[in-house]
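One structure is given below, encoded as structure tokens.
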Amino acid sequence: MAVTDVTGRGEAGPATIVELPEGVAVTKLDELVSWCRKNSLWPMPFATACCGIELMATGASRHDLARFGAEVFRFSPRQCDLMIVAGRVVMKMLPVLQRIWQQMPEPKWCISMGACASTGGVFDTYSVVQGIDRFLPVDVYTPGCPPRPEQLIQSIIDLQEKIQREGTLFCREFDAPSRQQPPMALRERGRGIRD
Amino acid sequence: MSHPGGLAHDEPWPYLWTMNFGPQHPATHTTLRLVLKLDGERVVDAMPDIGFLHSGFEKLGEHLDYNQYVTVTDRMNYVSPMANNVAWHLAVEKLLGIETPPRCQSIRVIVAELARISDHLLCLGAMGLDTGAFTHFIYAFNPREQISDIFEALCGARFTNSYTRVGGLMYDASPNAIEMIRDFLKQLPKTLSDMERLMNRNRIFVDRMKGVGVLSKAEAINRGCSGPIARASGVTRDLRKNEPYLNYRDFDFNVCCAEGGDCYARYLVRLAEIRESLKIIHQAVENLPAGPVNVVGTGPFFGEKTFFANQSRSENTDLSPSASRVILPDKKAVFSTIEGLISHFELVMANRGFRTPCEEIYCATEAPNGELGFYIVGDGGPRAYRARCRPPSFVHFALFPHLIRGHTIGDVVAVLGSLNIIAAELDR
Amino acid sequence: MMDSRVIQQLQTAFPNLTASEFRGQTRVVAPVESIHEVLETLKEKFAFDLLVDITCVDYLYYPDAEDRFGLVYLLANAETGRRITVRCFVNDTDPTVPSVVGLWKGANWLEREVWDMFGVRFDGHPDLRRILLPEEFTAHPLRKDYPLQGRGERHNFPVITRAEG
Ligand code: SF4
């Protein structure tokens, strides 16, 4: 163990540099945890419509989501930490979606895949929910109708970055006030009744 | 052995289990919900609950014009969007009385058959997946990707194509795309025989499929079945033969039927249909007629009494429009000539567009899943007054309780897989 | 020519039947009182054994329309593919037509859908519930006086935030 002057001011400060044995790295616990989390996302494919087929294509042979550590599709919400909402969500389906979201253990993230899940897409009709973010927290929006598999993979990579950047061991990042509120449009209009 | 509760063996069970299946379940593919009444493992009754994807397609059809609505039909049977595009515009053209040129018809046949192949591949793959054969699914997905590539070469979108237009197509098929189709025709048979060898005599698969979900011929007709499901029960009806649309008349192909009416028969019929589709595509590609893909000149539509969209009914006297009144002009013409631009706007602006007869028409095609028809009511304007879609999945899912009664709960996924229910088409 | 014979025979049996043709499709309009009989005759006597579709059109804003709802029955023969369209008209305040589930079991869901979307009641239907929309929905959305974007039903849900997750 060697003690050096790291302040550069000629004072023998308390700071020490510890020479680590080979194969040992030092990091913050938060970062280590985030690193683990981001590389083992277990998606819950909430595939309702056409986007679901592209989601299947993403998991199937050519695009192979396994390369990015997120291939373990689990159909039980209890085992998942990433919900991919692929396709339009309609009146009858929304309570189901919310229930499934609530059944997933923390920490959990949500990708809204495709125009319909994010905004209602081409279906500005009486029964289609105009964007699931009105009723659920969403982390990443994937544009496209349907998004290409590459795009979905990109949004998973983005989510991984996000997890690495702000993740903490006890998920304090989810407590931020900005994340507690529904999107702006809803806050201004009460329940989000647009028309 | 006596039952718990001190019942003797032959006494009836005092209660039945009720089990909820779906709407979020991997084997329901998308969003079907079943409430099963179980006696032990035996399904006594099943009550399908649908509408979890009802997004108002038909209402939307009353608010979009005949060319716009094709984008929505893409999303109807999203496993084979091309087949829907073709069906929709065939119906519109029938309403208008337009006959498309031979090249357009051949290309439409090619894309419709490619769509059939990709639909059947997904269905077969998913049947394998549901019964525990993941490899089968992966095998089936690879050619599907190839088909997506072909579609991308044809129209720029791999999935939601919107390839057809009233009286024609968005683009002509490029030589490159034709080459890709030829390649695909060479490669698919190998994959198919791989899939066949994997499953056709696989004990587990056959045991789970044979004798399960039997549908008799009489029931199939009484319940309005069509497509592979009816043909697996011995109904020989195939709209491509019975009432040939496009130029199916010119191709040599067989209608694939089976007698069994069970899940295995449906599996075999779908598999055989892929090979027939390959035959059709092969003939169509090799004999692709030259010439324009869009309607030119005049057809019967132009001589008939039809109405301007923005005129009252009494003014329908002067009617000698040219074909440009129906066909969206070439994009190049739109961007580089004033005439093209004007005729483009004449067609796409609100309150413009072409005129339709005040009439009603039903036009059906043989979609991968069965008879896909559109019932269109024209009111003279550029939008359909009513755009009803006759969805095969809707009719077929109604069969489900009939097919599953008496089988075990493990057969639920086998029967569902063999019916190939597409939720968006089911609920619209 | 086959069809004209069918029409003739039908018209002798049911005198107030009107027939027309458009682009090769034969269509008959029957009064609502005899619609069930007409369909039954077509099925039993003329071998239109396949019920392809039942649907409805709301003619509220249709130019020159006299009746509000037009029911459409599409029939076909499973062997030959011959088709016929049968129609009948009903009007407001509880439009009702007899159910054909007794003739074709496949009619069950199709009639439920028409009820759900248009509010046309089918007399004698075994289980006339909503099929596509939730049970608590009050309107019939394919009626022409219902707006495309609905009346706010699609937004009527609780919001889940991160904290409640
Ligand atoms: S975004 Fe497009 S592809 Fe995805 S579900 Fe909606 S309509 Fe389908």
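Observations on the model:
- Inter-chain Cβ neighbour count for A:51-63, averaged per residue, equals 5 (cutoff 10 Å, partner chain atoms only).
- Rounded to the nearest 20, the size of the Cβ-charge dipole of the protein assembly as shown about its Cα centre is 320 debye, with Lys and Arg at +1 and Asp and Glu at -1.
- Between the helical axis of C:2-13 and the longest alpha-carbon principal axis of chain C there is an angle of about 90 degrees.
- Sites B:Asn20 and A:Trp42 - FRET efficiency at Förster radius 30 Å, r taken between beta-carbons, to 0.05: 0.80
- Cβ-to-Cβ counts within 10 Å put B:Lys190, A:Lys162 in ascending order as B:Lys190, A:Lys162, the fewest first.
- Using R0 = 45 Å, the C-beta based FRET efficiency linking C:Phe14 and C:Leu60 works out to 0.95.
- Going by neighbour counts of Cβ atoms within 10 Å, the residues B:Val206, C:Val97, B:Val293, A:Val18 line up, fewest first, as A:Val18, B:Val206, B:Val293, C:Val97.
- Calculated mean residue ellipticity at 222 nm for the protein assembly as shown: -11000 deg cm²/dmol, from DSSP H runs with n ≥ 4 weighted as -39500 (n - 2.57), summed, divided by the residue count and rounded to 500.
- In a reduced charge model with +1 at each Lys and Arg Cβ and -1 at each Asp and Glu Cβ, the stretch C:67-135 shows a dipole moment near 240 debye about its Cα centre.
- Overall form of the stretch A:35-174 per C-alpha gyration tensor (a/c, 1.5; a/b vs b/c): oblate
- Exceedance of the 20 Å cut-off in Cα-Cα distance is limited, within the set B:Lys186/B:Lys241; C:Lys43/C:Lys105; B:Lys241/C:Lys43, to B:Lys186/B:Lys241; B:Lys241/C:Lys43.
- Sorting B:Ser193, B:Ser393, B:Ser55 from the fewest to the most surrounding beta carbons within 10 angstrom yields B:Ser193, B:Ser393, B:Ser55.
- Dipole magnitude of chain C, debye to nearest 20 (Cβ charges: Lys/Arg +1, Asp/Glu -1, about Cα centre): 420 debye
- Ranked packing of B:145-152, B:218-225, A:150-157, most packed first, by mean Cβ within 10 Å: B:218-225, B:145-152, A:150-157
- Per residue, the average separation of C-alpha pairs within less than 8 Å and at least 6 apart gives chain B a relative contact order of 24 percent.
- All Cα-Cα separations within the protein assembly as shown were binned at 20 Å from zero, giving a P(r) of 15, 47, 30, 6, 2, 0, each value a whole percent of the pairs.
Just so you know, all these numbers are worked out from the coordinates, no wet-lab data involved. Remember, it's a predicted structure, so these values are computed and weren't measured experimentally. Here Cβ is always computed from backbone atoms with ideal geometry, including for glycine, and neighbour counts include all displayed protein chains.
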